[in-house]
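Just below is one structure, and these are the notes that go with it.
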Amino acid sequence: MKIEGSADIPAPREKVWEAFLDPNILAQALPGCEKLEAIGPNEYKATMKVGVAAIKGTFEGKVKLSDLEPPNRYRMAVEGSGGPGFVRGEAGMQMSDAEGGTKVG
């Protein structure tokens, strides 16, 4: 599955960067994330509800941020397991200045 998109946020890039390192805000940005708690530097324990076609379920796992280049970009790896099996994914987030705020993509 591939998820793409971007959004303009009416805030300075440094503030947006800080927000996307906050587990409470990051959890709101991750599809299906029910809970995210820090367990180490740039590493979080996650509870997610994920579903593709008929395979749906709740997964427990980890979210790890890497390749941090503040306040421009980072990579995120997600992995977890649950009743239906396991889930693994990777994403990249990039920020740039936009008129009146920050573009996140």
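The values are calculated or read from the model by the stated rules, or taken from the named source; none is laboratory data. The shown structure was predicted, so the numbers you read here are calculated from the model rather than taken from an experiment. Don't worry about glycine lacking a Cβ; one is built from the backbone with ideal geometry, like all the others, and counts go over all protein chains shown. Accessible surface areas use protein heavy atoms only, side chains included; no ligands, DNA or RNA. Shrake-Rupley method; radii C 1.70, N 1.55, O 1.52, S 1.80 Å.
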| request: Find all pairs meeting these conditions: Cβ atoms under 8 angstrom apart; at least six residues apart or on different chains; first residue within the stretch 84-105 and polar (S, T, N, Q); second residue buried (at least 16 other Cβ atoms within 10 Å of the Cβ) and outside any strand (DSSP E or B). | output: Ser96/Arg13; Thr102/Arg13; Thr102/Val16
| Filter pass, Ile25 being among the β-branched types (Val, Ile, Thr) and modelled with pLDDT of 95 or more | no
| Qualifying strands (runs of 3 or more DSSP E) (wholly inside the chain; at least 2 residues being open to solvent by 40 Å² or more (accessible area, probe 1.4 Å)) | 7-9, 33-40, 43-52, 55-69, 73-82, 85-98
